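The values are calculated or read from the model by the stated rules, or taken from the named source; none is laboratory data. Only a predicted model underlies this, so the values are computations on that prediction, with no experimental measurement involved. Note that each Cβ is placed from the backbone with ideal geometry, even for glycine, and that neighbours are counted across all protein chains shown. These accessible areas exclude ligands, DNA and RNA; they are computed on the full protein's heavy atoms, side chains included. Shrake-Rupley method; radii C 1.70, N 1.55, O 1.52, S 1.80 Å.
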Amino acid sequence: MFIDTHAHLTSREFDADRGEVIRRAADAGVTRIVNPGTNLEDSRRAVELAGKEEGVYACVGVHPHEAAGAGDDTLGAIEELCAERKVVAIGEIGLDFHYDLAPRDDQERVFAAQLGIAARNDLPVVIHMREATEETVRLVRDAVAAHPRWRGGAAAGEGRFPSPKGVFHCFPGEPALAWELVGLGFAVSLPGIVTFRNAGSALDVARDVSAEHLLLETDSPYLAPVPHRGTRNEPARLPLIAQKIADAQHLSVEDIARTTAYGAYRLFGIGTPGAPAIVYRLKNSLYINLTIRCNADCVFCDRKGEAVIKGHNLRIEREPEAAEVIAAIGDPGKYDEIVFCGYGEPTIRLDAIKEVASWVKAHGGRTRLNTDGHGSVINKRNIVPELAGLIDAVSISLNSTDPVQYGALMRIDGERFFPAMVEFAREAVRLLPKVTMTIVDLSDVDRERARRFVEEEIGAAFYTRPFF
């Protein structure tokens with residue numbers, strides 16, 4: 001299932017065949033479409049179309065090109081439209097200093113006012129930004145500061161992130177800017193540009209920004225993807241964009257569709273998250289979700305929040321028996337590997353790991369364990385010899401080479417658990433075929449020191465995983 005988060009279905013270019021365009025999208029697996037407004041009249045058309053078409057949703061707003069004519073009456077009418085049932089955001093709003101079709105003062109005035117409308121109505125925003133990065137980000141920062149509870153904010157629960165505040169559509173910047181915006185609580189979306197030979201920074205963003213922070217869009221009727229470049233675009237072409245992003249991320253197109261659909265659910269409230277899964281597939285590996293319990297409480301983990309990975313819901317209500325897991329796996333030979341990994345610490349259920357891994361190995365599969373390295377403490381014995389012959393690879397969360405920082409990041413006793421993790425890693429290197437140790441890409445963690453420690457002192461492979 002794909003969600004096109006930005007398609008101008010109310011454009012006059014679709015007047016002759018709008019219904020057929022929506023049907024073709026559905027046939028291509030694009031089950032939901034978000035239609036942004038560009039002025040008051042177009043916003044009303046978007047609301048009307050959403051009322052007629054089940055899979056279509058509306059945004060209301062004034063595009064920067066239309067800012068000069070948007071006074072208090074227009075902005076008041078936009079705010080009144082927020083009460084309509086299928087209005088999911090304020091947009092398309094922002095700044096465009098490339099064409100400058102409206103005076104810049106008017107653009108900034110109207111943009112700031114609409115950010116306020118969004119915050120008052122607790123709606124996300126769909127932002128257009130072209131050659132106005134500094135000014136756009138400044139106004140967004142001002143709005144976030146002025147409305148600290150907007151879309152969760154200070155009222156967020158125990159999860160890592162509140163609900164996203166909006167999306168920068170047709171994102172024009174570099175990955176570093178995208179990550180800055182993610183830190184402010186925004187997603188970025190990529191249209192057909194990512195398929196162009198001269199895609200430039202769009203392809204860099206598609207490769208370097210985690211799929212959890214990307215959305216899919218066609219920007220129809222504009223920016224048709226290759227091989228349709230230069231023709232009228234439409235939502236049915238969204239899978240071409242998804243495939244290009246999947247290739248850049250080394251994921252499957254199904255992974256991108258599922259992850260971005262969940263991103264659209266978080267942002268716009270459209271669609272539904274899947275049921276909790278005891279097994280879940282990423283690329284061609286099958287992951288086993290044995291438990292959501294953990295002896296640690298890492299600051300970067302969303303175990304107590306949504307507990308969703310790449311669109312997979314891992315918040316299981318009960319822990320599965322080994323026989324249930326084996327039945328859910330089916331043929332382990334179909335996958336590159338069977339991975340014991342979820343939001344909990346798998347070695348809490350060591351006996352289940354051993355039973356399932358033994359079955360997987362007996363049926364021609366390969367296994368990997370993702371762990372915090374505390375299994376020997378949890379089980380009160382050295383468990384690594386018990387994994388020999390059952391686990392082909394293990395990935396251990398190092399997080400930091402400083403025991404104090406390690407403890408602070410994981411909210412545990414670092415002086416106790418750090419040396420236990422290191423000893424687990426040394427034993428794993430001695431007894432298991434492949435060992436990787438990882439850190440989260442945090443600015444105050446010494447990455448180079450961690451790399452040297454892992455490669456030179458432990459003798460394992462080293463990997464940095466993104467914070468967000």
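Report the residue count in region 1-20 for those that are in contact (Cβ under 8 Å) with a residue 40 or more places away in the chain, open to solvent by less than 40 Å² (accessible area, probe 1.4 Å) and not polar (S, T, N, Q). Don't jump to the end; show me each part of the working.
Of region 1-20, the ones in contact (Cβ under 8 Å) with a residue 40 or more places away in the chain are 1-9, 11, 13-14.
Next, only the ones that are open to solvent by less than 40 Å² (accessible area, probe 1.4 Å) stay: 2-9, 11, 14.
Narrowing further to those that are not polar (S, T, N, Q): 2-4, 6-9, 14.
Going through region 1-20 one residue at a time, the tally reaches 8.
With 465, 451 as the choices, which residue is without any contact (Cβ under 8 Å) to a residue 40 or more places away in the chain, open to solvent by less than 70 Å² (accessible area, probe 1.4 Å) and under 30 Å from residue 164 (Cα atoms)?
465
Taken over region 220-237, the criterion of being surrounded by fewer than 24 Cβ atoms within 10 Å (Cβ to Cβ), closer than 18 Å to residue 15 by Cα and charged (D, E, K, R) is satisfied by 232 alone. The number of residues in region 278-289 being open to solvent by 20 Å² or more (accessible area, probe 1.4 Å), in a loop (DSSP other than H, G, I, E, B) and either in contact with a Phe, Trp or Tyr (Cβ under 7 Å, 6 or more places away or on another chain) or within 12 Å of residue 328 (Cβ to Cβ) (or both) comes to 2.
Under the condition of being of a type outside the set (D, E, K, R), touching a residue at least 24 places away in the same chain (Cβ under 8 Å) and more than 30 Å from residue 179 (Cβ to Cβ), which residue from region 419-448 is surrounded by the fewest Cβ atoms within 10 Å (Cβ to Cβ)? Spell out how you get there, then give the answer.
Taking region 419-448 and keeping what is of a type outside the set (D, E, K, R), we get 419-422, 424-425, 428-429, 431-433, 435-440, 442-443, 445.
After this cut, where a residue has to be touching a residue at least 24 places away in the same chain (Cβ under 8 Å) as well, the list is 420-422, 424-425, 428-429, 431-433, 435-440, 442, 445.
Still in the running and more than 30 Å from residue 179 (Cβ to Cβ): 420, 422, 424, 428-429, 431-433.
Details: 420: 16, 422: 20, 424: 25, 428: 28, 429: 17, 431: 17, 432: 20, 433: 12.
Among them, the one singled out is 433.
For the residues 408, 352, the requirement of being part of a helix (DSSP H, G or I), of a type outside the set (Phe, Trp, Tyr) and over 26 Å from residue 324 (Cα atoms) singles out 408.
Of 80, 108, 134, which residue is over 22 Å from residue 217 (Cβ atoms), within 25 Å of the chain's Cα centre (by Cα) and either buried (at least 19 other Cβ atoms within 10 Å of the Cβ) or not hydrophobic (A, V, I, L, M, F, W, C) (or both)? After applying the criteria, what remains is 134. Residues that are under 19 Å from residue 66 (Cα atoms) and either touching a Gly at 6+ places or on another chain (Cβ under 9 Å) or assigned to a loop (DSSP other than H, G, I, E, B) (or both) within region 16-39 comprise 36, 37, 38, 39, listed in sequence order.
Condition first: closer than 20 Å to residue 117 by Cα and either open to solvent by 40 Å² or more (accessible area, probe 1.4 Å) or touching a Leu at 6+ places or on another chain (Cβ under 7 Å) (or both). Now tell me which residues in region 40-56 satisfy that.
Within region 40-56, 41, 43, 44, 45, 47 qualify.
All of (1) among the basic types (Lys, Arg); (2) open to solvent by less than 50 Å² (accessible area, probe 1.4 Å); (3) closer than 24 Å to residue 463 by Cα hold for residue 366 with one exception: (2). Here residue 94 fulfils each of the conditions (1) open to solvent by 50 Å² or more (accessible area, probe 1.4 Å); (2) outside any helix (DSSP H, G or I); (3) among the small types (Gly, Ala, Ser) apart from (1).
Residue 328 satisfies every condition listed in (1) under 22 Å from residue 406 (Cα atoms); (2) open to solvent by 40 Å² or more (accessible area, probe 1.4 Å); (3) of a type in the set (A, V, I, L, M, F, W, C) except (1).
Report, by residue number, each residue of region 21-34 that is touching a residue at least 24 places away in the same chain (Cβ under 8 Å) and either charged (D, E, K, R) or in contact with an Asp or Glu (Cβ under 9 Å, 6 or more places away or on another chain) (or both). Within region 21-34, 21, 22, 24, 25, 27, 30, 32, 33, 34 qualify. Per the conditions (1) part of a loop (DSSP other than H, G, I, E, B); (2) closer than 23 Å to residue 465 by Cα; (3) open to solvent by less than 20 Å² (accessible area, probe 1.4 Å), the sole criterion not satisfied by residue 263 is (1).
Against the condition modelled with pLDDT of 95 or more and acidic (Asp, Glu), how does residue 217 come out, does it pass? Answer is yes for this residue. Among the residues in region 190-213, are any under 13 Å from the mean Cα position of the chain (by Cα), modelled with pLDDT of 95 or more and either more than 25 Å from residue 246 (Cβ to Cβ) or in a strand (DSSP E or B) (or both)? There is no residue in region 190-213 that is under 13 Å from the mean Cα position of the chain (by Cα), modelled with pLDDT of 95 or more and either more than 25 Å from residue 246 (Cβ to Cβ) or in a strand (DSSP E or B) (or both). Residues in region 331-356 that are surrounded by 17 or more Cβ atoms within 10 Å (Cβ to Cβ), without any contact (Cβ under 8 Å) to a residue 40 or more places away in the chain and touching a Gly at 6+ places or on another chain (Cβ under 9 Å): 2 in all. Are any residues in region 385-415 touching a residue at least 60 places away in the same chain (Cβ under 8 Å) and on the phi > 0 side of the Ramachandran plot, and if so, which ones? Listed by number, the residues that qualify are 399, 411. When region 284-309 is filtered for residues that are more than 23 Å from residue 406 (Cβ to Cβ), modelled with pLDDT of 95 or more and not hydrophobic (A, V, I, L, M, F, W, C), the ones remaining, listed by number, are 284, 285, 287, 289.
Among the residues of region 320-336, write down those that are part of a loop (DSSP other than H, G, I, E, B) and of a type in the set (Gly, Ala, Ser). Don't jump to the end; show me each part of the working.
First, pick out the residues of region 320-336 that are part of a loop (DSSP other than H, G, I, E, B): 320-321, 330-331, 335-336.
Selection gives 330 alone.
Condition check for residue 23 on (1) buried (at least 18 other Cβ atoms within 10 Å of the Cβ); (2) more than 25 Å from the chain's Cα centre (by Cα); (3) not polar (S, T, N, Q): one failure, at (1).
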